[in-house]
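What follows draws every value from the coordinates through simple rules; no lab data is involved. All figures in this text were calculated on a predicted structure; none of them were measured in a lab. Cβ: placed from backbone, ideal geometry, glycine included. Neighbour counts: every protein chain shown.
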């Protein structure tokens, strides 16, 4: 909603303020603010938990991008979130409008304006990838995808243009009028008063966040180190063999050894495209989890078939057949086909 609101800056700053009454007001209430804050904290917590639970760094390029961007968002977004709150604390009757916010960024701190542009791009890319990965597996995507996909590109572009154009218009008006100069001087005075408290709060939050991120990375590292010295082996349908450490999933073994293996959902157990048929088992696999069981039922998997992303090899050797070509798209998840073990050759697949 915030980005859609910014797009109104292409029309005028007055349009920005008018649109915010409808688009932003629900989130400005006590309940709305609490709901938004809770959702953000839960999302950050889930992201860091997923990092802490990793047993390897075997990820697709998309998952690497998601992880790095997810870590960067909090410190980059902090300044934007904290400024208005601190100013309201110092001046209780302070009511910010877009004139104030645009002058704050484009006049008082142009570097912060550029930082907001960077945050907008990072936040939107992170959100768009996550939204796409979630929605593309649903049957309804075939109908709404052609409409939503252009919007995923159009909204951030319009928001950026609105932010820049609104800033230009605001400065052009305020810098040429006596009332505007007074507003700018008031902003400079308020920011000077708020700066020490703002810096202290930001440092505290970044320190706490940094410690939590570090703990998540340490947890991941310990899980990786714990498996060293316990080698396991996976033999694939085209004669290729992958070696790795005990505790890795079949999909992680494939990725670590650069062996093509379909995984539309990034190994989250949702799509079923990493499906394998266990042909010969001289090793120990983890039991089927609730997440895996749900997906196996949905795609009507046969006997001795597992999800490569969920089945972890704890010891020994296992022979498997990949039941989907490595280049398969989300349509295979929305409309899974069921054959016995007839499959396209995998050796020429593209990872």
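Annotations
- CD proxy at 222 nm, helix term only [per DSSP H run n ≥ 4: -39500 (n - 2.57); per residue of the chain; nearest 500]: -20000 deg cm²/dmol
- Residue order, fewest to most surrounding Cβ atoms within 10 angstrom, among 109, 249, 28: 28, 109, 249
- Using only alpha carbons, region 231-334 has a radius of gyration to Kirkwood radius ratio (Rg to Rh) of 0.92.
- When the P(r) is computed for region 85-215, the part past 19 Å accounts for 65% of the Cα-Cα pairs.
- Once Rg and the Kirkwood radius are both taken over the C-alpha atoms of region 1-75, their ratio Rg/Rh works out to 1.15.
- Gain upon complete extension [residue 222, residue 14; 0.36 nm per residue less C-alpha separation]: 69.5 nm
- Label corresponding to log10 I(q)/I(0) by the Debye sum over Cα atoms at q = 0.07, 0.13 Å⁻¹ when calculated from the structure given, among (1) -0.47, -1.16; (2) -0.31, -1.02; (3) -0.42, -1.04: (3)
- Each principal axis of region 105-152 carries a Cα extent, and these read 48, 16, 8 Å when sorted largest first.
- Fraction of antiparallel bridges per DSSP, the chain only, in percent to nearest 5: 85 percent
- The Cα center of region 1-71 and the Cα center of region 97-126 differ in position by 15 Å.
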